[in-house]
Amino acid sequence: MSSTEQGTSSAAPAEPTTAPESAAAPEVPESFYYVHGKDKVVHKVSAGALQHSALIHGMISNLGYTEEQAKANPFPFENIDGDILQMVVDWCNQHKGKPTPPEDTNLPKQKEKLFDLVLAVNYLEIKELLTYCCKQVAMMVKGKSPEEIREIWMIPTDAEDEAAEKEAKKRAGKEAAGETAAAAGDAK
Amino acid sequence: MFNRFPILRIPLVVFTEVVAQLDPAEIVSMSLCSKRSLNILKSNQLKNSRNWELEMLDQDDNKPNCPRVVIFLIDKCRYLEVLSARSISDLKSQNPQFVNIGSHRVPAAFHKGLLQTYWEDRVQGLKAITDYTSSLFSLPVSNVTIYKNSLWMFEWVSKRQTVPLKKVFWWTAFRKNEDFWDDEVFSSAMRQCSPTNKLYILSEPSVNYRLTERLPKVNEIEISKAGWITLDNLMSIDSIEICIDESQLSTVDITKFLKNWLAGGMPRMEYIIITSKNFNELEVFDEELQAYVVPIEEKRKYQKNPFGFEFEFVGGYSMQRKDGIKATINFRNGSFHMAKWND
């Protein structure tokens, strides 16, 4: 299992120049968690960055892991491709501790992966990133005709839908017939 | 730019979020892609249309012979065209695409972001696209703009829905002064006008027209070319806010109007503006009226709702009826303003 170090290189805050040293609040060490996707590559992410994901935030709150336990038990997201999870982690790091602007230019650049990204972001419940992804999806058909929308959004025609439905019924019929035959065979 | 995106394969919650980012015209275009996309849209985009109003209009100054459906975005105070129904004789394309509007399959062309459908019968086309968009967005018809050849809308709307209209506009095509409505059509519109919250009469009958019907009861009425309005017509208006523009009313008429109000006339009225070239402020207050009028210096603003009339009275005259209700009146640049105060 390989590992990438994500979100760990935050610059140390500058020393206050006017306040006396004794007045400075003690710095609370940041806690880190670990996630991996389908490719098993583990990403180390700060709790602050992970707060964007309601799903992971909920998991963290419920588990109460120490850092050692967290390292030994990375959160597995087997349904998310490794490169997609990397994009999500990058975005969470870039937006750690700050609200997302309405027009976010930090959306992951590999736009051909938008579909997988949307599914992952929806699954991980990252509301702000999902809103921005949805805007990107909507932008694809701005000012387009029905024909163009059908093409871009891969909407089957009525005839294609009907053919698919017939095919599905045929398949279901065959499966049912197969099950009946198997049951009859078992009975013999 | 990405090439393709399988929109119907994403979870419904995400689909709804994407649709919320679309303009009404884009939603219409998407709905026309297939029966499945129409059905999914019908059941999953109510979030959008909560703050929308559907308007049907027959033609207008900028787009003659282009009946169409428009969505009014209430919170943004913006009108967006969504679908039009043109005459088949206007179709230029040799190979148009065809779309299904309800039970009709009609040729269509996409022009500057707006889908134009083409029909043998203009009225049938407008009815069909209105029904289609009303069903798609789950919205009743809220506003209608009628011209002298589209009074059928009143009956058609009242038969298709129980929800009353919000706004009715009577319009004169092409803003030409010579495009008068026939007097009989004007009276007919007055008789047939559906119940509505606001009525805007921007059309104009002939110079000799005399209204014998009562104006419909509304909450807001605006008559833009009101040369035909008589004092009797004025005093029979039953509306909270009234705007009478370009009238031929005289100072004597205003005096009589004020006496009528003092006697309890027009009880629902809260604000009125009347413009006329014939006003002379100094002649309004005859001896009888002077007993009820007090000159004032104060500033006071009238505004009942954010999108309604707004006027700031600076000085003017205060009047009080015997029942204690007060009003301020003011003359400014040939216009007479009056607001009743409910405090």
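Side notes on the structure shown:
- Legend: helices of chain B (whole DSSP H runs) are marked when their alpha-carbon atoms reach 18 angstrom or more along the helix axis and their mean Kyte-Doolittle hydropathy is at least -0.5; marked are B:122-137.
- Note on B:285-296: average number of Cβ atoms from other chains within 10 Å of each residue's Cβ is 0.
- As a length-normalised measure over Cα pairs under 8 Å and 6 or more apart, the relative contact order of chain B settles at 9 percent.
- Each of A:33, A:65 has its accessible area taken with a 1.4 Å probe; listed largest first, they run A:65, A:33.
- Bridges between two residues of chain B, per DSSP, are antiparallel at a rate of about 60%.
- Our summary gives segment B:199-260 a relative contact order of 34 percent, counting only alpha carbon pairs under 8 angstrom and 6 or more residues apart.
- DSSP beta bridge pairing in the protein assembly as shown, given as percent antiparallel to the nearest 5: 60 percent
- For residue B:343 and residue B:158, a Förster radius of 35 Å and the Cβ-Cβ distance give a FRET efficiency of 0.40, rounded to the nearest 0.05.
- Distant-in-sequence amide contacts of residue B:66, defined by a placed amide H-H separation under 5 Å and a gap of 5 or more residues or a different chain, comprise B:60.
- Pairs over the 29 Å Cα-Cα cut-off, from the set B:277/B:322; A:38/A:96; A:144/B:166; A:44/A:113: B:277/B:322; A:144/B:166.
- Helix-only mean residue ellipticity at 222 nm for chain B, each DSSP H run of n ≥ 4 adding -39500 (n - 2.57), per residue, nearest 500: -7000 deg cm²/dmol
- Within the straight-line cut-off of under 19 Å between alpha carbons, the aspartates and glutamates reachable from residue A:174 are A:162, A:165, A:186, sequence neighbours fewer than 8 places apart in one chain being disregarded.
The values are calculated or read from the model by the stated rules, or taken from the named source; none is laboratory data. Keep in mind that what you see is a predicted model, and the values were worked out from it rather than measured. Glycine also receives a Cβ, built like all others from the backbone with ideal geometry; neighbour counts cover every protein chain displayed. Quick note on the areas: whole protein, heavy atoms, side chains included, nothing else; ligands and nucleic acids left out. Shrake-Rupley method; radii C 1.70, N 1.55, O 1.52, S 1.80 Å.
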